[in-house]
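Since every read-out is calculated from the coordinates, none of them should be taken as a lab result. Since the structure is predicted, the reported quantities are computational estimates derived from the model, not experimental observations. Positions of Cβ are generated from backbone atoms using ideal geometry, with glycine treated the same way; all protein chains shown enter the neighbour counts.
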Amino acid sequence: MKIYRDYDDLPKIKLPLGQEVSISDSTIRDGAQMPGIVVRSHHKVKIYEYLHRIGIEKLETFVYNERDRKAIKLMQDLGYEFPEITGWARANPADIDMVLNVDGIEETGILMSVSDPHIFDKMGLKSREAAEKKYLDALQYAVDHGLRTRAHIEDMTRADNYNFVFPLVKQIMDIDPDCTIRICDTIGFGVPFEGVDEPYGLPAIIKHLRNELNVKNIETHCHDDFGLAVPNSIAGYWYGANWSNVTFLGIGERAGNAELEKILLFLMRRIEGFDKYNLECLVEFAQFMEKEIGIRIPRNKSVVGKNVFAHESGIHTAGVIKNPFTYEPYPPEIVGGKRTFLVGDSSGIEVLRYKVQEALNELMNVHIEVDKNDKRLREIQADIQKLYNEDKRVSCISDEEILAYVKKYFMFNPMVSKDMHRQDEDDNPQEAPTGKFSRDPHLHGVD
């Protein structure tokens, strides 16, 4: 019989194809296009430092203006081997020249819009053939000038793949056999389900690229308009992609991109054989993004939200206090988080006891254990529930308020039970107790 009582007891999933997989980050390129924020040069450098601490393999950036190039120079001056800084260009020689003019960049992405709305309406081209020529000429120019390439196949999940995109990819591979083919699920129409074909099925697209066109490097770039960016990215790995392109916190245009932190956590905690990334700075990274760039992080956001390791309800807190594995899917320190217990309207006696003990420990500077049937503990619980019952409270009870309750009920009330037959101090001052906690049957002090 299998017993699962600890994190290490749980089995991990194996990628069926066993390929090595990597991550490229677009936080300072695609992510920086998020409406309402400005990512300045020093922000980009700090983001680069966090990505280095994590162990991300590649980062892509614009090279169009002075602040882009300033940030690149500052990043390069740090001397890090990774993430490799790569460029991004539209499919024309002028853009590629801009990449070539930045010392130290050896790889660029090239945008290749393939859906009919993009070809005809956005770009104003006369035909698919015109688009094909434009893209292949740009790719050839980059290769001729010594750049490694990524073909960003934009809006592939709304395109005519069999009649246009796959033949285009075959010609791309003829020019550059090592080109990374980036499947861009530009407005989130892709789905991760096997058996779904044209044009939405990510598994079908990936398998065709891998098995029929012999593409060596396949990358997903998924947007979250339908909430499927992370599932689609993971499905990419499952069916043979070896790269995913993501942004931290999923920032980007509209609903954003696949979230770096979620992909990292899934790989490290759920997939067999992953130990190359360090996730301990993820919470710190998120705090930086919130404070310095103004990205509002929901309290319940996976991995980095403030509530991820916060416990309030009675059943949950009782379980976590006894064994965190009961309700926490991974230890807080994995991502640099911290476990907290909150007292609110759904809290039971166990979490209140924990918080009261915590407050007593702070006051007395010794380890104090409180019996859950202690009358004073029940009085505090009654006071708190009265607040919620009478609709006088709409938030949790703060640590400062718990401390005040502890002072009121434990420090100022008599501490010796009646059944101890304590004499009044006025009757016999010589026998008055000097250690308040030592004679209370409900409290146990441990030095």
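Annotations for the structure displayed:
- Sorting Asp6, Asp176, Asp68 from the fewest to the most surrounding beta carbons within 10 angstrom yields Asp6, Asp176, Asp68.
- Low-density loop cleavage sites - GluC sites (Glu not before Pro) in the range 58-103, where at most 10 other Cβ are within 10 Å (DSSP): Glu81
- When the range 192-317 is reduced to its Cα atoms, the Kirkwood hydrodynamic radius in Å: 16.2
- Centroid-to-centroid separation of the range 371-406 and the range 220-292 [C-alpha atoms, Å]: 40
- Percent of Cα pairs exceeding the 37 Å cut-off, where the set is the chain: 42
- 3J(HN,Hα) along the range 204-210, derived from phi through the Karplus expression 6.51 cos²θ - 1.76 cosθ + 1.60 where θ = phi - 60°, amounts to 5, 4, 5, 5, 5, 4, 6 Hz, with x in place of Gly and Pro.
- The largest-to-smallest principal axis extents of the Cα set in the range 367-406 are 33, 20, 12 Å.
- Cβ crowding within 10 Å averaged over residues, with 384-397, 319-332 ranked highest first: 319-332, 384-397
- Measure of compaction for the range 243-298 (Cα Rg per 2.2 N^0.38 Å): 1.21
- Remark: Ile13, Ile110, Ile271, Ile263 ranked as Ile13, Ile271, Ile263, Ile110, counting other beta-carbon atoms within 10 Å and listing the fewest first.
- Relative contact order (percent, whole number), the range 1-103, Cα cutoff 8 Å, 6+ residue spacing: 25
- Sorted largest first, extent of the range 120-258 alpha carbons per principal axis (Å): 37, 32, 29
- Cα Rg, Dmax (largest Cα-Cα span) when computed across the range 324-373, Å: 13.1, 36
- Exposure proxy for Val351, Val246, Val21: other Cβ atoms within 10 Å of each Cβ, ordered fewest to most, give Val21, Val351, Val246.
- Remark: C-alpha extents of the range 1-157 on the principal axes read 66, 38, 36 Å, sorted largest to smallest.
- Beta bridge orientation in the range 7-277: antiparallel %, DSSP, nearest 5: 5
- For Thr220, the residues whose amide H sits under 5 Å from its own are Ile183, Trp243, Ser244, Asn245, ignoring neighbours fewer than 5 places away on the same chain, with H placed 1.01 Å from N.
- Karplus-derived 3J(HN,Hα) values for the range 388-401, using 6.51 cos²θ - 1.76 cosθ + 1.60 with θ = phi - 60°, are 6, 4, 9, 6, 9, 9, 10, 9, 6, 7, 6, 4, 5, 5 Hz; glycine and proline are entered as x.
- Extension gain for the segment Ser395 to Leu213, taken as residue separation times 0.36 nm less the Cα-Cα distance, is 59.7 nm to one decimal.
- Whole-Hz Karplus values for the range 131-146 come out as 5, 4, 5, 4, 5, 5, 5, 5, 4, 4, 4, 5, 5, 4, 9, x Hz, taken residue by residue from phi with 6.51 cos²θ - 1.76 cosθ + 1.60 and θ = phi - 60°; glycine and proline positions read x.
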